[in-house]
Structures are given as C-alpha cells and as structure tokens.
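A short reminder: the numbers here are calculations on the coordinates, not readings from a lab. In this text the structure is predicted, and so the values were computed from the model without any measurement. Note that we place each Cβ from the backbone using ideal geometry, even for glycine, and neighbour counts take in every protein chain shown.
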Amino acid sequence: MTQPMILAHGGAGAPNEHSDGPQHAAELGIKVLRDGQIDAALRAVIESAVALEDDERFNAGTGANCRLDGSIQMDAILATSDGRIGCVAGISRVRNPIRVARLVMDSPHVMLCGEGATQFAHHRGIPDEIPMTEKAQNRLAAALERLKTGEVRPTEQKWRGRDMHGTIGAVARAEDGSFAVSCSTGGTSMMLPGRVGDSPIFGAGTMCGEHGAVCATGDGEEIIRRLCSMRVYVRLAEGADPQQACDDEVAAFPAPYTLGLIAVSRDGHGMAATDDKMARGMTGG
Ligand code: ASP
C-alpha cells in the first residue's frame, strides 16, 4: 500500500506567514485520502482547493483579483492520473470554480470558458454569486493607479503593469498509488477581461499522470511559454527527486518573473518558489 500524501500552496508571493491556510487545507485533504474510498486523491485535492478558495487571503474564489474592468473571472482545473481532466477559464459568478471543474470533468468536454462556463455552472445548480471582496477592489484601485502614474513593478513593464499572486493548488497521492491535482485562481491583478493564465492549461499550470502530480503558480504567461509543470513531470518520469526537479525549474525561471511549484511522485515530494516566497502546507508521506 502507498503512503498517502498531500501538498497545498497559497500562491507564489503569498506570504509564508499565511502557510496556516494551505496547511489546514492539506490536513482536510489527508482525512479524505485516509478514508480509502474510491477517487480519494481527486476528492482530497477538491476538499483542499475549496478550503483555500473560501479563504479570502488567497487569490482564488473568494479573494480573487478583479480584472481591469472591475469584473471577476477565474480559472480552475482538476486532473487525475487516470486521464480525467476538467477545467474552466474566465468563469464568473460562482464561489468555487473548482466545483465547476469537477462537473466539467464528467461532461463530454475538457474545458469550458467565459459565459458558457458560468451558464453551465448555474444550470448544474451552482449558486449565482460574485465572490467580490473589499481587498480585491483595493488591489484593483492600486493597480489602476500604477498604470496611471507609470510607476510599475519590474514584472509590469509590458503594461507597464502587474501585481500580486495568490493562486491556490494541491497535489495528492492516494493509498492506491493514484494522483490528482487541483488549481484555482483569480489570475493576476493587472489583466484584461478574457485573459487566461497558465492555471487551467494542462501541462503549463498543472500536470498529472502515472508518475505524479505537479502544480505551478506565478507569472502565468511565462509559465505557459515554458510548460513548467510538464517539464517537472518529465523529470519525475525520468526518476528525478521531486525536490530537485522543482528547485531546478525555479532556478531556470527568467527574472524578474516568479514561479512556485509543488509536486508529489510515487516516493517523494517537492516544493520550491522564487525567493522561497509561497504559502505552503503538506501532510502524510
Ligand atoms: N499563475 C496565475 C496566473 O497567471 C497567477 C498566480 O499563480 O498567482 O493566472
């Protein structure tokens, strides 16, 4: 029997002092992994993701960033090592995008986006709610101010503009040796309506297969260009130590952009982030 294990993160750049959030999420997840019932890895990463989406300190679900037009559009994905994938991109008016990703997984599709995703969620009984917070509105006001003054951060030169991270994610290994990954985000703080980041893109923000599960956080456009989760996964498949694979990928990520990674394999795990800044938790193993 495999030792169950779960790792969770609260986003690259999310203060390490907020690690109580991902740690709590991992503890909820391990209870599910230990019940030994069917689909334990998948149910565990959903349980963890919902707890983090509901924690408004993190940029996913309640706490998600606003777009430059003031709207909230979120991305989320679930994937399992037996090849099931469900994602939503640019979904609005739901509290827990990860729950919608679970419904998509059972549909004939892999990904739904925009208004179609929102309508699908509401038709399937997910309540119509806007997960807006005062903090998100303040962050948007600060971002607009930076755009106006031109006093942008190093990673904001293309706008000139971009601000905080705080995506959430979890990777789990169940007793039966299966894996699952969840990831949910409100995106960046300076983004156009319609922008989709790395998080819901399999191979970029997440990866899951027979060798393990990987979840990334950080500057989405750069993560897509480099297919970071896929690159770490390939290293796991080659037998690399997951900690080494995560460390190497973070070290190779181009400055000034930031990357955080969590990964679990058959016999190991890894967590790494640019400047070591990423709220994180883990349990089991
Ligand atoms: N990767 C996410 C995105 O670009 C943001 C993050 O992880 O904080 O949408």
Subject >> Cα principal axis extents for the range 116-195, largest first, Å >> reply: 54, 32, 22
Subject >> q = 0.24 Å⁻¹: log10 I(q)/I(0) that the Debye formula gives for the range 70-156, counting C-alpha atoms only >> reply: -1.04
Original post:
Normalised by the residues of the chain, what does the relative contact order come to in percent, with Cα pairs under 8 Å and at least six apart?
Top reply: 28 percent
Original post:
Pick from Arg153, Arg95, Arg57: which is most flexible by mean-square fluctuation in a GNM of the chain where alpha carbon atoms under 10 Å apart are linked?
Top reply: Arg153
**OP:** Grab the eigenvalues of the alpha-carbon gyration tensor for the range 94-228, scale each by 5, take roots, and send me the semi-axes largest first in whole angstrom.
**Re:** 29, 20, 13
Subject >> Whole-number D in µm²/s for the range 238-285 (Stokes-Einstein; Kirkwood sum over Cα pairs; 10 °C, 1.306 mPa s) >> reply: 141 µm²/s
**OP:** Let me know the volume per residue of the alpha-carbon convex hull for the range 1-154, in Å³.
**Re:** 137 Å³
Original post:
Separation between the Ala252 and His24 pseudo-spin-labels, each 7 Å from Cα along Cα→Cβ, expressed in nm?
Top reply: 3.7 nm
**OP:** Please work out the FRET efficiency for the pair Arg34 and Arg84, using the Cβ-Cβ distance as r and a Förster radius of 25 Å; give the result to the nearest 0.05.
**Re:** 0.70
**OP:** Under a 10 Å cutoff between Cα atoms, tell me which one of Asp35, Asp20, Asp247 has the largest fluctuation in the Gaussian network model of the chain.
**Re:** Asp35
Subject >> Relative contact order computed over the range 2-46 (Cα-Cα under 8 Å; 6+ residues apart), in percent >> reply: 35 percent
Subject >> Cβ charges +1 (Lys, Arg) and -1 (Asp, Glu), total dipole of the chain, debye >> reply: 580 debye
**OP:** May I ask for the net charge around Ala49, where only other residues with Cβ less than 10 Å from the Cβ of Ala49 are counted and Lys, Arg are +1 while Asp, Glu are -1?
**Re:** -1
Original post:
Most mobile of Ala136, Ala237, Ala213 per a Gaussian network model of the chain (Cα springs, under 10 Å)?
Top reply: Ala237
**OP:** Subtracting the Cα-Cα distance from 0.36 nm times the residue separation, let me have the gained length for Thr149 to Glu175 in nm, one decimal.
**Re:** 4.0 nm
Original post:
On average, how much area does the Cα convex hull of the range 18-80 cover when viewed from any direction, in nm²?
Top reply: 4.7 nm²
**OP:** May I ask for the Kirkwood hydrodynamic radius of the chain, worked out over all distinct Cα pairs and given in angstroms to one decimal?
**Re:** 18.0 Å
Original post:
Which semi-axis lengths, in whole Å and largest first, follow from the square roots of five times the eigenvalues of the Cα gyration tensor of the range 182-264?
Top reply: 22, 14, 9
Subject >> At 0.890 mPa s and 25 °C, Stokes D of the range 198-241 from Kirkwood alpha-carbon radius, µm² per second >> reply: 245 µm²/s
Original post:
So what is the calculated 222 nm ellipticity per residue for the chain, using -39500 (n - 2.57) for each DSSP H run with n of 4 or more, over all residues, to the nearest 500 deg cm²/dmol?
Top reply: -10000 deg cm²/dmol
